[in-house]
Amino acid sequence: MTHDWLAFARALRSIAQTGQTYTDNKYELERYRQLEALTNQMFAVLGDVPIEKIENLIIPDRGYATPKVDVRGAVFDDRGRVLLVREIKDGLWTLPGGWADVNEGPSTNVLKEIFEESGHRASQPRLAMLKDRSLHPYAHYSPDHIYKLFYVCTHDGGEFVPNNETDAADFFALDDLPPLSEGRTLPVDIHECWAFVTSGAAGIYSD
C-alpha cells in the first residue's frame, strides 16, 4: 500500500512540475506550486521524516517531469570477483556509480564514475540491465522516479585513490559480499550482472 501512495505522490509532483512549466496563467501557476508543496508534505508523512529533510532531498527540477538516471558499473576480475566501493555516507559497499551527467553519454559516464570512486580503470562498457528503481526492493524510498543502468565493464588495472565519496575499494567473491548499501545496489544486481557476463551476451553500447 505504501508503494501505491508513493507512486500517487510522484505522479502528483510530476503534474505540478509540468504544469508550472507550461502554464502562462498566474493563478494556475500558484495552484501548481501549492500542489508541489502538498506532495512534499505527502513524502514527509510517507517517509516519516521532517518536511525540511524532504525539501532538501528532492533534486530541484523544472521542465517536463521525467525519470532521473543512475549509472552503475560492474567490473569483474579474472577470478570472477566484483569491484565494490565503500560509501563514506553510510559505511556500506556498492557498485561504483551515480547520477548521469549532462553532456556525457551514460557509458562514458560510468567509466568516469568507476575511476573516480575506485581508482581502477575500466573499458568496453556493455549495458547489461535497465531497472525501474521503484519496482525493486531498494532500501530507502526516493521521491524521485529513477532508472538504473547497469554496465558490465572490462578491468584494466588500478588501485584505490582517496576521494570525497568513497573510502575504500576492493574485489569480493560473489558468495562473500560485504554489507551492501541497498539503496544503491542489491545483491541480485551483482549476481545478474555476473550472469550476463557468463552468458556471453553482447550487450548494448548505449551511446
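The values are calculated or read from the model by the stated rules, or taken from the named source; none is laboratory data. Just so you know, these numbers come straight off a predicted model, no measurement behind them. Note: ideal-geometry Cβ built from the backbone for every residue, glycine included; neighbour counts use all protein chains shown. SASA here: full protein model, heavy atoms, side chains in, ligands and nucleic acids out. Shrake-Rupley method; radii C 1.70, N 1.55, O 1.52, S 1.80 Å.
For the chain, the carbon plus sulfur part of the accessible surface works out to 54%, probe radius 1.4 Å. Counting only residues at least eight positions apart within a chain, or on another chain, the lysines with an alpha carbon under 18 Å from that of Lys68 are Lys131, Lys148. Build a GNM of the chain with springs between Cα atoms under 10 Å apart, and of Asp101, Asp156, Asp176 the one that fluctuates most is Asp176. Hydrodynamic analysis of the stretch 76-121 uses the Kirkwood radius over alpha carbon pairs. Inserted into Stokes-Einstein at 20 °C and 1.002 mPa s, it gives a translational diffusion coefficient of 186 µm²/s. One chain, two ends: Val45 and Asp101. Fully extended at 0.36 nm per residue, the span grows by 17.1 nm beyond their Cα-Cα distance. Modelled spin-label separation between Asp24 and Ala173, with each label point placed 7 Å from Cα along the Cα-to-Cβ direction: 6.7 nm. Across the stretch 111-207, Cα-Cα pairs more than 24 Å apart make up 25 percent of the total.
Cα-based radius of gyration for the chain, normalised by 2.2 N^0.38 Å, reads 1.13.
Available extension along the chain between Asn163 and Arg79 is 27.6 nm, counting 0.36 nm per residue and deducting the alpha carbon span.
Using a Gaussian network model of the chain whose springs link C-alpha atoms within less than 10 Å, name the residue from Val75, Val102, Val110 with the highest mean-square fluctuation. Largest GNM mean-square fluctuation: Val102. Label positions at Ser199 and Asp90, each projected 7 Å from the Cα along the C-beta direction, are separated by 2.7 nm.
What does the charge dipole of the chain about its Cα centre add up to, to the nearest 20 debye, if the Cβ of each Lys and Arg holds +1 and the Cβ of each Asp and Glu holds -1? For the chain, the charge dipole is close to 500 debye. Counting only DSSP beta bridges whose two residues both lie in the chain, roughly 70 percent are antiparallel.
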